[in-house]
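The values are calculated or read from the model by the stated rules, or taken from the named source; none is laboratory data. Everything numeric in this text was worked out from a predicted model, so none of it was measured. All Cβ positions, even for glycine, are placed from backbone atoms using ideal geometry, and neighbour counts span all protein chains on display.
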Amino acid sequence: MGFLTDLVGTIRRELDERPLPLEALDAAARSRPPARSLRDALRRATVPAVIAEVKRSSPSAGWIDADADPASLARAYEAGGAAAISVLTEPRHFGGSLADLRLVRAVAGIPVLRKDFLIDPDQLVEARAAGADSVLLIAACLDDGLLDRMLTATHALGMEPLLEAHSDRDLERALATDAEIIGVNARDLQTLDVDVPAALGRLRSIPSGRVAVLESGIASHDDVTAAVAAGASAILVGEALMRAADPATAIAGLVREPGLAARRQNRDEEEIA
């Protein structure tokens, strides 16, 4: 047993005991404007695109900023050049909520992703009803059949998922799907240990036709440079931005190092050759 197994078990029991009000959620989801394309936003951005995260706490770091204002953060992230915003909505260990997502979606002009432990298609409708443009799907939470159903349901709602892997096996499974945005999490979600070199190795195996995203373990120029050199088209950054006095400046400081885009272009040219 580990963190992910325990949490998914809790969420599954809660969904069984208190099913989501699907009819009302479906009506709310249908009333929403069309979802904004996460894929297009990441592809349009200068490499690496930044998915900036609203994260109040985490099981590894504890409380980061319990009093964070999601709307203010969203404005700062967008002003700093983020291509998209990830909002953690899991309440127990990350201090998040769908209310945070709604606040971000109300002010953001860029795609907003619901980051949570989603194991039931009804949760996808819930995400869309709250205004999510995209969702995180964690391969380790989903067997092959459920993963296929979750991908199908996500697309049916007009969203493009970020499909995350944190092991070699789950990356193989992710690449066997038609998901265009593949995330590699440097954090093992069972032990919560971070292994950036292993994650960089997995990034190198993602074909250049997909949008490759490095998640976790990013706090400096060097981290970003290594991610791009390994093939990352985008990075997802939470704690480093949440702790920054000026999140907009922090984004610029992470990604606007001369030569990052050139490193990615050189790697792509080597693959083609």
I'd like to check something: does the range 98-108 contain any residue that is within 27 Å of Leu192 (Cβ to Cβ) and either in contact with an Asp or Glu (Cβ under 9 Å, 6 or more places away or on another chain) or modelled with pLDDT under 95 (or both)?
yes
Of the residues that sit in the range 22-50 and are of a type in the set (Gly, Ala, Ser) and farther than 18 Å from Ile85 by Cα, which one is surrounded by the fewest Cβ atoms within 10 Å (Cβ to Cβ)?
Ser31
What are the pairs with Cβ atoms under 6 angstrom where one residue, in the range 160-180, is more than 17 Å from Leu38 (Cα to Cα) and the other, located anywhere, is at pLDDT below 95 and outside any helix (DSSP H, G or I)? Sequence gap at least six, or different chains.
His166/Asp188; His166/Leu189
I need the full set of residues from the range 29-50 which are farther than 21 Å from Ala127 by Cβ and without any contact (Cβ under 8 Å) to a residue 12 or more places away in the chain, in order please.
none
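Does the range 51-67 hold any residues that are in contact (Cβ under 8 Å) with a residue 40 or more places away in the chain, crowded, with 16+ Cβ neighbours inside 10 Å and among the hydroxyl-bearing types (Ser, Thr, Tyr), and which are they?
Ser58
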For the range 130-173 the number of residues that are more than 21 Å from Gly2 (Cα to Cα), part of a helix (DSSP H, G or I) and among the acidic types (Asp, Glu) is 2
All-but-one check, Val125 against (1) touching a residue at least 60 places away in the same chain (Cβ under 8 Å); (2) within 20 Å of Ala174 (Cβ to Cβ); (3) among the β-branched types (Val, Ile, Thr), failing number (2)
Given (1) over 30 Å from Ser208 (Cβ atoms); (2) aliphatic (A, V, I, L, M); (3) out of contact with any helix residue (DSSP H, G or I) (no Cβ under 9 Å at 6 or more places or on another chain), Ala129 misses just (3)
Going through the range 68-108 one residue at a time, which ones are within 19 Å of Leu162 (Cβ to Cβ), among the charged types (D, E, K, R) and surrounded by fewer than 22 Cβ atoms within 10 Å (Cβ to Cβ)?
Glu78, Glu90
Subset of the range 202-222 (residues that are assigned to a helix (DSSP H, G or I) and either modelled with pLDDT under 95 or touching a His at 6+ places or on another chain (Cβ under 6 Å) (or both))
His221, Asp222
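Given the criterion buried (at least 19 other Cβ atoms within 10 Å of the Cβ) and out of contact with any strand residue (DSSP E or B) (no Cβ under 8 Å at 6 or more places or on another chain), identify the matching residue among Val224, Val228. Talk me through it step by step, then tell me what you get.
Working: Val224 fails: out of contact with any strand residue (DSSP E or B) (no Cβ under 8 Å at 6 or more places or on another chain).
Of the residues listed, the single one that is buried (at least 19 other Cβ atoms within 10 Å of the Cβ) and out of contact with any strand residue (DSSP E or B) (no Cβ under 8 Å at 6 or more places or on another chain) is Val228.
Taking into account only those residues within the range 28-50 that are hydrophobic (A, V, I, L, M, F, W, C) and in contact with a helix residue (DSSP H, G or I) (Cβ under 8 Å, 6 or more places away or on another chain), which is farthest from Ala139 (Cα to Cα)? Let's see the steps before the verdict.
Within the range 28-50, the subset hydrophobic (A, V, I, L, M, F, W, C) is 28-29, 35, 38, 41-42, 45, 47, 49-50.
Filter once more, so that each one left must be in contact with a helix residue (DSSP H, G or I) (Cβ under 8 Å, 6 or more places away or on another chain): 28-29, 35, 47, 49-50.
On the way: Ala28: 27, Ala29: 24, Ala35: 23, Val47: 25, Ala49: 22, Val50: 22 Å.
The extreme case among them is Ala28.
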